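One structure is given here, and the rest of the page talks about it.
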Amino acid sequence: MKKNKSPYFFVSMMIALIILLTSPGTSMAQNSSQDLEQEYSIKANQFFVDKNYEQAALVLEELLAKNPDLNNETVYKQLTHIYDNYLFNFEKALSFYEMYLVHFPEGKFASTFRERVAYLNERRSEWQALRDFRKIQLEEDDMRIKESLKDVETILSKNENAIIAPEMHIYLANKYFETTQYQNARMHAKKYINSFDKVSMSSTDKALALKLYSNILIKQHSYGKAIRAIDQVMVLGNPGEHFNYAERKTNIINQRNMWYGFMLSLLYFISVVILLIPIKFWQHFNLRNYARQLIAPLLLLALTSLGPVLYLIITEEQIVDLRFFFVLLGLSILSLMIIRLLAPMSLKTGRLVYVLISCLHMVAASFMTYYMIVYTPV
């Protein structure tokens, strides 16, 4: 006859199980795993800081090999980042993107990684050109800008119809804009915009390209086209959280008006100079008398122009931009000389007309100086 097991037997079993799970050995195993992960991460980060990207990737791969079930998404993020953006080993990058998606199908990087997998697979036949382009981007800080732009142009010329061509166009457009080569920047920005319907790209990328194109057009004083580019940004419906359409359009219109004002002032200035020819100023020109009459106003101009410079230098209140004062002084001297040479005109037109033309001439010169030196578009 079998004996009934006492309730104390089951209690003892439960206690033994709890002790086993909470024993120092189990805790030590968990701590050991965390220590191993931390140790490898520190080593990989140090290699990365030292730009030893291959060794950094190998350390992280070794960590995954020792712990295939590692529940750390960041390790996969670091590995794919190194292989995709630094070593340009797109095959390896793809394998780790896909490995991550298997382990973390709903992970925080899952959406981005799926996009990268699709991106690399779509451009698989162009990996070599993409690798060359990315290498230039990575090393551009160590290269002269002219050399890097020339190298990208060379790659682009061989891959003009490739899927990656728009990426190179927008890269060149940005770099040419930064180096004030606006005509080249405009050409590449235009080609990138023309590829909107040929290559899949986000509305954010399209909006950024149109904003850049608008800025390039403004630099070339094509204000009407710049406004139309901004209008296209609004049509996309995703202009960016800091984009204010009304403010941007008003700013472009203000810049256009200032440019027109500068051009009108310049034309008036030139017209006044041309007036010297029909009045035959040289017939009334007396160098000694002429110089004597200009000494006083020229000294006054020098004092009024250079006085503020000396004051700012002595007080050290701000950094002085001497260009403003010297350009103002130069234009003022030139204007005074022209006005003095126009004096014979008063014999035919009367003093009032002469004074009016002289005042308008000085206003035009002052506005040109303001536009070139002081005016800064917002």
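The values are calculated or read from the model by the stated rules, or taken from the named source; none is laboratory data. All values reported here derive from a predicted model rather than from experimental measurement. In this analysis, Cβ positions are derived from the backbone assuming ideal geometry, glycine residues included, and neighbour counts consider all displayed protein chains. The area values use the complete protein model at the heavy-atom level, side chains included, leaving out ligands, DNA and RNA. Shrake-Rupley method; radii C 1.70, N 1.55, O 1.52, S 1.80 Å.
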Residue count for the range 160-205, restricted to those that are charged (D, E, K, R), within 19 Å of residue 237 (Cα to Cα) and part of a helix (DSSP H, G or I)
1
Residues of the range 155-184 classified as touching an Asp or Glu at 6+ places or on another chain (Cβ under 9 Å) and farther than 24 Å from residue 217 by Cβ, total
5
When you look at residue 40, is it open to solvent by less than 60 Å² (accessible area, probe 1.4 Å), in a helix (DSSP H, G or I), out of contact with any Cys (no Cβ under 8 Å at 6 or more places or on another chain) and under 30 Å from residue 169 (Cβ atoms), yes or no?
no
Within the group 168, 99, which residue is of a type in the set (A, V, I, L, M, F, W, C) and open to solvent by 40 Å² or more (accessible area, probe 1.4 Å)?
99
Selection within the range 76-89 - within 27 Å of the chain's Cα centre (by Cα) and either part of a helix (DSSP H, G or I) or within 10 Å of residue 57 (Cα to Cα) (or both):
77, 78, 80, 81, 82, 83, 84, 85, 87
Read through the list (1) more than 20 Å from residue 169 (Cβ to Cβ); (2) open to solvent by less than 40 Å² (accessible area, probe 1.4 Å); (3) free of Cβ contacts under 8 Å to residues at least 40 places away in the same chain; (4) in contact with a Lys or Arg (Cβ under 9 Å, 6 or more places away or on another chain), then give the number of the only condition that residue 90 fails.
(3)
Positions within the range 200-227 being surrounded by 15 or more Cβ atoms within 10 Å (Cβ to Cβ), over 15 Å from residue 181 (Cα atoms) and among the β-branched types (Val, Ile, Thr), in sequence order:
227
Mind listing whichever residues of the range 238-257 are exposed (fewer than 13 other Cβ atoms within 10 Å of the Cβ) and either closer than 21 Å to residue 191 by Cβ or touching a helix residue (DSSP H, G or I) at 6+ places or on another chain (Cβ under 7 Å) (or both)?
240, 245
Out of the range 44-75, which residues are open to solvent by less than 50 Å² (accessible area, probe 1.4 Å) and not in a helix (DSSP H, G or I)?
67, 70, 72
Just wondering, is there one or more residues in the range 330-345 that are open to solvent by less than 40 Å² (accessible area, probe 1.4 Å), modelled with pLDDT of 80 or more and within 30 Å of residue 255 (Cα to Cα)?
no
Looking for something among the acidic types (Asp, Glu), in contact with a Lys or Arg (Cβ under 8 Å, 6 or more places away or on another chain) and either free of Cβ contacts under 8 Å to residues at least 60 places away in the same chain or crowded, with 18+ Cβ neighbours inside 10 Å (or both) - is there at least one such residue anywhere in the range 114-128?
no
